[in-house]
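Values quoted throughout were computed directly from the atomic coordinates according to the rules given, and no laboratory measurement underlies them. Only a predicted model underlies this, so the values are computations on that prediction, with no experimental measurement involved. Every residue, glycine as well, gets a Cβ built from its backbone with ideal geometry; the counts of neighbours run over all protein chains shown.
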Amino acid sequence: MTFKNTATLSQKALKSGIICIGISLVYAMISFSLIFWPAELPFSPVQDNADISNQSKPLALNSQHTTILARDGKSLYLQKIGPDSQRVIVLLHGIASTHKILLTAARKLHEATGAQVLLPDLRGHGFSQGDKFDVAYIGQYEDDLEDILLHLKSKANASSEGTYRHIIIGGHSMGGGIAMRYALKDNKPEVDGYLLFAPNFGEGPTQRDASVEVPVDSPIYFNTTRMIGLLMLNTIGINHFDSLPIMYFNFPPQMMAYSYASIMSAQPIRPQTTDKALLNIHQPLIAIIGQEDEVFLASAYPSYISENSVLGSAELIENANHTSILSHPQAIERASTWVKENF
């Protein structure tokens with residue numbers, strides 16, 4: 001009797017094992033099929049013979065330009081706006097751009113507040129090293145931000161003049177999303193405030209409906225099929241294909257293809273979503289968004305932030321969209337007032 005029971009149990013275990021292996025194989029086959037399903041770009045990629053390699057450094061590093069080494073040895077470029085100051089603002093640029101898109105805003109912020117503004121190029125962008133539009137793992141952008149802040153903290157500790165007493169971080173769009181991911185990190189160097197322009201909050205009420213049809217002539221293409229396949233593999237702990245591109249920006253001088261790892265690093269993702277990031281921030285925070293923002297749902301920011309943030313607020317600016325918010329006089333005035341009131 002015991003022998004029969006044991007045999008029956010063994011058969012059931014074997015059968016269950018075969019079923020599990022079969023399900024896993026089917027799951028993997030579906031994932032790989034989605035990842036490598038042929039997809040044709042809806043545009044002819046822009047080509048330019050100009051060398052825009054992000055491995056080269058500025059012609060001359062001086063008081064306005066500097067680099068720091070990230071923990072993996074890659075060089076990260078920063079442009080300084082204004083001399084060393086008790087207030088420093090580290091602003092991260094958005095997707096498909098470099099620090100240059102923030103130059104006008106940075107100069108105006110410096111003039112209005114006296115703060116030094118530091119403008120990094122994200123790794124793989126502009127003058128910073130790294131594989132173009134890719135990261136080695138999801139979350140590397142906020143690790144780079146932490147390395148920049150550790151550099152500032154060490155510089156502040158070595159100064160007898162109170163340099164960098166107040167450190168504010170933030171950014172535009174993807175840069176704001178990275179700042180939110182930084183807020184979720186454990187054992188990180190704390191900062192004094194968060195200054196965000198049209199931040200990418202990822203999944204949540206500020207995200208526009210993905211079902212809206214994209215214009216045929218759009219220079220932006222998102223490979224949803226590959227994204228789903230990579231999500232499936234990541235769910236079971238396989239991330240070897242995360243450097244495959246899923247989002248394309250066909251902007252001169254050259255098409256930019258962003259990897260899955262890079263896109264997933266651009267905003268908080270489940271289970272650590274932006275509401276948790278906001279709850280984890282106990283410093284002053286402001287998000288400034290154009291009412292005509294065509295990327296995110298501007299009207300959703302005020303209530304979302306007020307419901308999840310202790311010291312956070314949102315400001316909607318009339319006659320401003322996703323990009324023009326960076327140069328809009330009212331946006332700069334509001335940001336400058338916030339800096340002077342809080343730091």
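A few notes on this one:
- Computed across segment 288-343, the Kirkwood hydrodynamic radius from all distinct Cα-Cα pairs reaches 11.7 Å.
- Radius 15 Å from Cβ of Tyr137, net charge of other residues (Lys, Arg +1; Asp, Glu -1): -4
- Total charge dipole magnitude, the chain, about the Cα centre, Cβ charges on Lys, Arg, Asp, Glu only, Debye to nearest 20: 1020
- Using bins of 10 Å that start at zero, the share of Cα-Cα pairs per bin across the chain amounts to 5, 23, 31, 22, 9, 5, 3, 1, 0, in whole %.
- With helices as the sole contributors, the chain gives -11000 deg cm²/dmol at 222 nm; each DSSP H run of n ≥ 4 counts as -39500 (n - 2.57), and the sum is divided by every residue.
- Dipole-positive endmost among Asn157, Val26, Val88 within the chain (Cβ charges, Cα centre): Val26
- Local charge for Ile325 was computed over the other residues whose Cβ lies under 12 Å away, with Lys and Arg +1 and Asp and Glu -1, and equals -4.
- Under 15 Å, Cβ to Cβ, from Val117 - net charge with Lys/Arg +1 and Asp/Glu -1: +2
- The lysines within cross-link reach of Lys12, meaning a Cα-to-Cα straight distance under 17 Å and a gap of 8 or more places when in the same chain, are Lys4.
- Remark: Asp143, Asp217 ranked as Asp217, Asp143, counting other beta-carbon atoms within 10 Å and listing the fewest first.
- Two-site FRET efficiency, Asp72 against Lys100, from Cβ-Cβ distance with R₀ of 35 Å, rounded to 0.05: 0.90
- Residues Thr274, Thr235 arranged by fewest to most Cβ contacts within 10 Å: Thr235, Thr274
- Computed from the Cβ-Cβ distance with R0 of 51 Å, the FRET efficiency linking Glu315 to Ser10 stands at 0.15.
- If R0 equals 45 Å, the separation of the Cβ atoms of Thr235 and Ser44 corresponds to a calculated FRET efficiency of about 0.80.
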